[in-house]
1. Looking at B:V136, B:V105, which is the one that is within 11 Å of the chain's Cα centre (by Cα) and open to solvent by 10 Å² or more (accessible area, probe 1.4 Å)?
2. Of the conditions (1) modelled with pLDDT of 90 or more; (2) closer than 19 Å to B:E40 by Cβ, A:R86 clears all except one; give me its number.
3. Need the failing condition index for B:Q205 against (1) among the polar types (S, T, N, Q); (2) surrounded by 13 or more Cβ atoms within 10 Å (Cβ to Cβ); (3) more than 30 Å from B:Y15 (Cβ to Cβ), just the number.
4. Can you pull out the residues in segment B:166-214 that are more than 36 Å from the chain's Cα centre (by Cα) and among the aliphatic types (A, V, I, L, M)?
5. Please work out which residue is nearest to B:E57 (Cα to Cα), limiting yourself to segment B:1-15 and to residues that are open to solvent by less than 40 Å² (accessible area, probe 1.4 Å) and touching a Gly at 6+ places or on another chain (Cβ under 9 Å).
6. Among the candidates B:A179, B:A150, B:A137, B:A187, which residue alone is outside any strand (DSSP E or B) and small (G, A, S)?
7. In the set B:R79, B:R27, which member is within 14 Å of chain A (Cβ to nearest Cβ) and closer than 24 Å to A:V52 by Cα?
8. Tally the residues that are of a type outside the set (S, T, Y), within 14 Å of chain B (Cβ to nearest Cβ) and surrounded by 16 or more Cβ atoms within 10 Å (Cβ to Cβ), restricting the search to segment A:71-85.
Amino acid sequence: MALRKQTLDGNMETLLLAVLADGPSYGYQIVNDLNARAQGLLAMGEGTVYPVLHRLEDRGLIDATWRTGDNGRRRKYYRLTPKGRRAQRENLRQWQGLVRVMHDVLRPPPADIANPQGDPA
Amino acid sequence: MSLALEQYLDRVLAYANRSPDDAAAIRAELKDHLESRVAEFEAEGLAREDAIFKSIEAHGNPRKVGYGLRPRFAWIDIRTHGTARGFIAIGPKAIGVFAFGGTAVGVFALGGLSIGALSYGGFALGAFLAYGGLAVAPLGLALGGIALGAVAVGGMAVGLVASGGCAAGLFTLNSGASATWFAEGDAPVILQWLSLAVRNPRYVQWSFVGFYAFFLPTFGMSQLLMRRESKRILGADPTLAE
């Protein structure tokens, strides 16, 4: 399902922290990870991941080091800081709580509540 | 590296408008990404030119990526598109301490629609001072064609204290047609005090002079800076002129 830009905007940081929780990674690999986990997530452009990564770096949630990759090119590797790991755990808790609430509220009502008269739809 | 990829990166970095060191680091990072993507597409069997085109397309609009790479709240942020955010913000939409734009929100806001503590514009909503075609200043002085405020002065003025061609208020002064609650001399002290701005016509005149002395240079400067920014972006992204 295609998600609205606004829906994703506020949650991209959470998604990137979740990918980096699996270990240090660089932009291209992070994008591939995200695409592998949720196809079509980056429909608005792979490059939009970098502003979010830089913002997380500025806030001290991830740090970055330049290393030479397998292909001989210099690459910027990101990894979670202790602060980022705490934020990622907290985000996960918040999301699990939100999903539970949304599921409870939005689930389809039982048939006898939705149609108490038994009228044909 | 291909010319098309370099041009794409030039555009992204023109919009990002970062220091040379930051720009070099961003270029290296994005270049690695794009080249990796090109190699992947080539490995899937695409011709190099097609692989480059698809990689650029997948990377996204250079303006969107570049603007995203600007600091969240810069000292000075000037944009030709979207919302500028900074201590001084200039753009179609601007949010800042000093905001200039089609829509401006700031402590000092100047724009077609301006909202702030001190606002100037076609439609000005200022907490303490509003000056414009339609000026609203709930806590202070509104000066305009239509003025609504604690003290309102204008063609049509409505306020606690109002003065104008057509004025309505608890207390009106120096007005043509007026609807008033208190006669002069009977008004409570607070209204008498607020009416200081209206009592002395020279005070109002000087506020006009002060406004234009401030408005014209700041408006001129913001237009000049916007034009320079457009030129700078056009240098890197000629497609904008199309």
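1. B:V105
2. With (1) modelled with pLDDT of 90 or more; (2) closer than 19 Å to B:E40 by Cβ applied to A:R86, the lone miss is (2).
3. Status for B:Q205: all satisfied but (2).
4. Hits for segment B:166-214 are B:A177, B:A179, B:A183, B:A187, B:V189.
5. B:V12
6. After applying the criteria, what remains is B:A187.
7. Matching residue, one of B:R79, B:R27: B:R27.
8. Total satisfying the criteria: 2.
The values are calculated or read from the model by the stated rules, or taken from the named source; none is laboratory data. Keep in mind that this is a model prediction, so the values were computed, not measured. A quick note on method: Cβ atoms are made from the backbone with ideal geometry, for glycine too, and the neighbour counts reach across all protein chains shown. Ligands, DNA and RNA are excluded from the accessible area calculation, which covers all protein heavy atoms including side chains. Shrake-Rupley method; radii C 1.70, N 1.55, O 1.52, S 1.80 Å.
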